[in-house]
1. Restricting the search to the range B:147-172, which residues are open to solvent by 10 Å² or more (accessible area, probe 1.4 Å) and of a type in the set (S, T, N, Q)?
2. Just to be sure, is residue B:49 in a loop (DSSP other than H, G, I, E, B), under 13 Å from the mean Cα position of the chain (by Cα) and under 27 Å from residue B:123 (Cα atoms)?
3. Just the residues that are open to solvent by 40 Å² or more (accessible area, probe 1.4 Å) and not in a helix (DSSP H, G or I), please, taken from the range A:179-195.
4. Take the range A:156-191 and flag every residue that is touching a strand residue (DSSP E or B) at 6+ places or on another chain (Cβ under 7 Å) and of a type in the set (Asp, Glu).
5. May I ask you to say which residue of A:166, A:229, A:204 is within 30 Å of residue B:106 (Cα to Cα) and more than 14 Å from chain B (Cβ to nearest Cβ)?
6. Looking at the range B:250-265, is at least one residue surrounded by fewer than 19 Cβ atoms within 10 Å (Cβ to Cβ) and under 26 Å from residue B:77 (Cα atoms)?
7. Filter the range A:161-178 down to the residues that are closer than 18 Å to residue A:118 by Cα and crowded, with 22+ Cβ neighbours inside 10 Å and list them by number.
8. Identify, from the list B:207, B:275, the residue that is open to solvent by less than 20 Å² (accessible area, probe 1.4 Å) and either under 14 Å from the mean Cα position of the chain (by Cα) or touching a residue at least 12 places away in the same chain (Cβ under 8 Å) (or both).
Amino acid sequence: MTASETRAEPASPATVPRAPSRRDGIAWRLLRLAVPVVTLGLLVVIWQVAVDTYQIRPFILPRPSAVWDALIENWDTLSRSLWVTVKVTLSALGLAVAGGVLLSILMQSRWIELGLFPYAVILQVTPIVAVAPLLIIWTSPNTQLALLILAVLVAFFPILSNTTAGLKATDHNLLNLFELYGANPWQRLIRLKIPSALPYFLTGLRTAGGLALIAAVVAEFAAGSAGRGSGLAFRVLESQYRLQTARLFAALLLLSLTGVAIYFATSFISWLLLRRWHESAVRREN
Amino acid sequence: MQSARVSETQAAAAMPPRPRPLVRMEGVSKVFSNGTLALKDMSLTVGQGDFLSLLGPSGCGKSTALRIIAGLGGATEGAIDWPVANYDAEGRPDRRVSFVFQDPTLMPWANVYRNVRLPLSLKGGGGGAAHDEIMSVLEMVGLAGFAKAYPRELSGGMKMRVSIARALVTRPTLLLMDEPFAALDEITRFKLNDDLLALRDKFGWTVIFVTHSVFESVYLSSRVVVMAARPGRVFAELEVPAGYPRDPDFRTTGTYAELCRQASETLQAAILASVRP
């Protein structure tokens, strides 16, 4: 390589000393963690003080410490329900990924796309909660199956539409190059189209992860299932009926944490797969 | 077809007799699906060892002609003939062609090594035997230390070198280049021009080089074919009598200046002849 050409970024980290960056330091990382934690602590303190000062009745707004107590007290029931909801959400996400990716690859064929895509859209724009009663009749007495189907239906579309868009957005010059070197359709799919669709798919996955949880909860509201096999949504309803607001907050807290965990997991998968090459995962440096 | 031969006849006569041509376009026309007549009745004979530049204003069909020779999108009329190639059982010529696009056209998810390996692995031969070959072409383009780098970590000139390395790895007989250096700064461009000439001397390729730069075409080529637009066609041809190897000193010679002047005038005439619709 000639000196005249190294005008952009140093190419190989091995050959060029790394520029010190304050954003790499441990102190910086701790600070990034500390700021939201401090915010949370402040919020909890204000909440606790406000409830005490204004004498808010506990069934309207319980003190944070009461929520914590309710969580500990009801941990057996709540953790079992959490597990039910997580199971529905993750299986739905898995099935939606498998189905969405498979279908978007099949929809590479124009005829299959023409035949199926309008119905995929109809499925997407129909409020799924409205379908719930019907599904519950069909799958009765297995309510869990109805929940799973509903969550799959909701999570499926973002995967399908994003992956389809990604497969279509393949660089035309690279397609020409593959044609020039005699690539067969299988090589074109595996080596070119799927990698270029990957960032799009991952965007779909992040959306679908959140939607799968929402769908699992909303579907359970619609189903109103009770008993030992119930998920967190039912615990929320149950607490509402009994005016156990602290327990309701505890169930909500678990749902939020599940959502956050799914968000971080899908973001991490995305970062892992794209960090070397995709602009969305690489830090901008000027 | 308007074809004015501007070349010095003595210079042409002094050249040794040519062997059978490598590729011949005969009366090739191309109409795009939107009705545009991109090429009209283009005939061109490319001899083995030629360095032929297609020079012309935008829209003159030079890239289209290159793609048709590469087999990307067929001709609407006319034929491409490969007199010296072997033909397979289905009548397809073994063209041994490599293509360098205007963009580096690298797979962003693959590192330099895997990008260069692509043509080999598509033919099922990306294994251990290919390793030496890949490293040797990376060495040739001066990127041996960058095998593990990803395209986004490279400068524009380095990406283009990767693209050239990928074209070299199949050991082509004909190299098709579609304005490969157009997007680069002049310093990088001059350097890559010299590198290209050196590699050509080493391997004896035939090159068809699309450009809109008069200076680049004269510096590199043995033949400059000037094209006109609307419809795309061959307008004139200039021989460049200077032999190879060439080095940067060629740029300062009177011959070079005179040829550039001629090529410029011919290009101007071609632009005037490219009537607006």
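The values are calculated or read from the model by the stated rules, or taken from the named source; none is laboratory data. Only a predicted model underlies this, so the values are computations on that prediction, with no experimental measurement involved. With ideal geometry, Cβ positions are generated from the backbone for all residues, glycine too; neighbour counts draw on all protein chains shown. To get the accessible areas, we keep the full protein, side chains included, count just its heavy atoms, and leave off ligands, DNA and RNA. Shrake-Rupley method; radii C 1.70, N 1.55, O 1.52, S 1.80 Å.
1. Within the range B:147-172, B:170 is the sole residue that qualifies.
2. For residue B:49, the condition - in a loop (DSSP other than H, G, I, E, B), under 13 Å from the mean Cα position of the chain (by Cα) and under 27 Å from residue B:123 (Cα atoms) - is met.
3. A:182, A:184
4. Within the range A:156-191, none qualify.
5. After ruling out the rest, the residue left standing is A:204.
6. no
7. Scanning the range A:161-178 gives A:162, A:163, A:164.
8. Only one candidate qualifies: B:207.
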